[in-house]
Amino acid sequence: MRHFIHSIAEKNHNQATRLLQILRAVQSRYHYVPKDAIEQLAELLHIPRTRIISVVEFYSFFHLQPRGQYELLISDSITDHMLGKINLIDYLSKQLNVAAGTVREDGRVSLDNTSCTGLCDQGPAGLVNGYPLTRLDRPRIDCIADLIHHQKPLTEWPSELFQVSDNLIKSGLLLNHTIAQGEALQATFQRGLQETLAEINQSGLRGRGGAGYSTGWKWHLCYEGPEEEAFCDVGAQKQLQRYVICNADEGEPGTFKDRVLLNSYAHQVFEGMTVCAAIIGAAQGFLYLRGEYLFLYDKLQAILSERRQAGLLGNNILGQQGFNFDIEICLGAGAYICGEESALIESLEGKPGIPRNRPPYPVTQGYLGKPTVVNNVETFLAAAAIAVHGGSWFANVGTEKSKGTKILSISGDCACPGIYEYPFGTSIQAILNDCGVVDVLGVQVGGPSGTFISNQEFERKLAFEDLATGGSFIIFNTTRNILDIVHNFTHFFAHESCGFCTPCRVGTSLLKKQLDKIVDGHGSAGDVVALEELCQIIKTHSHCGLGQTAANPVLTTLERYPDLYQNQLKKISYEPGFDLDGALETARRMAKRNDDRAHLAQIGEDHA
């Protein structure tokens, strides 16, 4: 073990900022992070062992106790539930003789649930040792169980088990106008850096991760830098260090567009990052790739290598003296919160992904305290196209406040789940007409952190000024139970809370329990009011966006279906919180009494 740990640390230059990548290698090799590995890494990286332990405990893909040689994780997303996930994991558990949440006695296999895997369009889905398993059904599970029984390495498993399709159904302005390699950079250099930034501003491009901040303005603020900043020597000149980060940690249940863009349009995404680097003066970029997309890692590394060979990355890019820029891929390790930009930066620095206090914002103090642009995959894709075609080309599509198009990940109860691109301002009804739906109950726009709209609201528009979304679009037909949906989303947030602040850490747990009480039929008068009050506390006082949106599933459905919640309540004025008579059993035994006077009666009165 010592030789392996030493070689992995050395490969990562013994840098503490690369702790996640080091731990991923250790976890992959031993199926957990051994105590001896932690001790050795603490010495090699010159950091406290407690920091390493805190990182291992923070990310769901790391473990301090051994997992199975085959580690199976089944997606617990609502879309997988809709496809029969509960029955399938029970069947898988029986076939493998291992209970969910445990490791089999022989150590060969472990089975557990995981949050959304970004495969909502081809579920039920899961992961085995980090690699995707799609379209799970009983025959596939039988095949998987047999392969594990015969201890077949993953390289010998049938390729169809791992097949991931793009499912690109409808293309629009961006996906129909892809650019050639180097075309955006050439256009940028010919036009001029500041002139290209002006085109980005003219386009009205806003961040496609959901928040919708002006892309051009963000780049401008990073270019300007803070008022006072330490400079680093680069040759004979002094240059302000800046960084470009592409946020590919799309963990919102129901979102998978970044998976498709990186699989089929990675060159353009990387080109958008490089255009940004040229404009702001950055020499280093990072693609933070969610851990569930491990299967894309080697392909993306090959594309980066291809771009270096073509002179599109590295030193003096396209002959521009002094323009040196390269991109490194960092894999996440299973933490939804790292989709928040400051938490992502913390993770890149080799720490738990806990959101920072803001201000300062990343554009002035980001990665390693330096000015940093963090944008979504789709944003960089669009920026590259705008660099080629100009700001007006993009701004002429969409609405006054929402320019261009939006790429949606559509899943749930529809005939054609997949990727769709629409101009901003498109009605929800028009979108539903395209993807094959019948008897729609409602749509979750923007994932659990977004908005549930009923079938009375389908004339609403896809736009920042109406229904903003990072891309998730989940359709539910009239056979679905709204409270089942809310239950799944509320448990998701309670599981994914980073635990930093009390309103979110405690609040999401209390919210989960309060909702469970109502859904299970144990709620009494006042419990719905208490539920809403708890939602407002979490929403108002939480530290970051996770907590501030964690109550949205309850609030948006409670607003539309108040009777649904009230009808779940018991029709009694009083229900005992616990069994008073049962609590006296020990005292009765000690007193050796069991007569009527040694018992208490509790009687609930009907509302009549």
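The values are calculated or read from the model by the stated rules, or taken from the named source; none is laboratory data. No experiment lies behind these values; they were computed from the predicted model shown. Methodologically, a virtual Cβ is constructed for each residue, glycine included, from the backbone with ideal geometry; neighbour enumeration extends over all protein chains shown.
A few notes on this one:
- Within region 432-452, the set of residues being touching a Leu at 6+ places or on another chain (Cβ under 7 Å) and hydrophobic (A, V, I, L, M, F, W, C) comprises V440, V445.
- Tally, over region 314-347, of residues that are in a helix (DSSP H, G or I), crowded, with 22+ Cβ neighbours inside 10 Å and of a type in the set (A, V, I, L, M): 5
- Residue identified as closer than 30 Å to P355 by Cα and surrounded by fewer than 22 Cβ atoms within 10 Å (Cβ to Cβ) among N97, N87, N129: N129
- Segments classed as strands (runs of 3 or more DSSP E), wholly inside region 182-271, with at least 2 members that are assigned by TED's automatic domain parsing to the domain that holds A385, modelled with pLDDT of 95 or more and surrounded by 21 or more Cβ atoms within 10 Å (Cβ to Cβ): 243-248
- Residue within region 451-472 that is surrounded by 20 or more Cβ atoms within 10 Å (Cβ to Cβ), touching a Cys at 6+ places or on another chain (Cβ under 8 Å) and modelled with pLDDT of 95 or more present: no
- Scanning region 281-305 for residues that are farther than 23 Å from H177 by Cα, part of a helix (DSSP H, G or I) and of a type in the set (D, E, K, R) turns up E292, D298.
- Condition met for E10 (surrounded by fewer than 21 Cβ atoms within 10 Å (Cβ to Cβ) and of a type in the set (D, E, K, R)): yes
- Odd one out for A278, checked against (1) farther than 23 Å from E340 by Cα; (2) at pLDDT below 95; (3) part of a helix (DSSP H, G or I): (2)
- I485 vs. criteria in contact with a strand residue (DSSP E or B) (Cβ under 7 Å, 6 or more places away or on another chain), part of a helix (DSSP H, G or I), closer than 16 Å to L564 by Cα and modelled with pLDDT of 95 or more: yes
- Test: residue in region 349-359 that is outside any strand (DSSP E or B), hydrophobic (A, V, I, L, M, F, W, C), under 20 Å from the mean Cα position of the chain (by Cα) and within 30 Å of G499 (Cα to Cα): yes
- Selection within region 32-91 - under 30 Å from G412 (Cα atoms), polar (S, T, N, Q) and either assigned to a loop (DSSP other than H, G, I, E, B) or without any contact (Cβ under 8 Å) to a residue 60 or more places away in the chain (or both): S60, S75, S77, N87
- Considering region 45-71, the residues that are surrounded by fewer than 18 Cβ atoms within 10 Å (Cβ to Cβ) and in contact with a His (Cβ under 7 Å, 6 or more places away or on another chain) include one that is nearest to L111 (Cα to Cα), namely Q69.
- Test for R18: is it touching a residue at least 12 places away in the same chain (Cβ under 8 Å), buried (at least 19 other Cβ atoms within 10 Å of the Cβ), of a type in the set (D, E, K, R) and in a helix (DSSP H, G or I): yes
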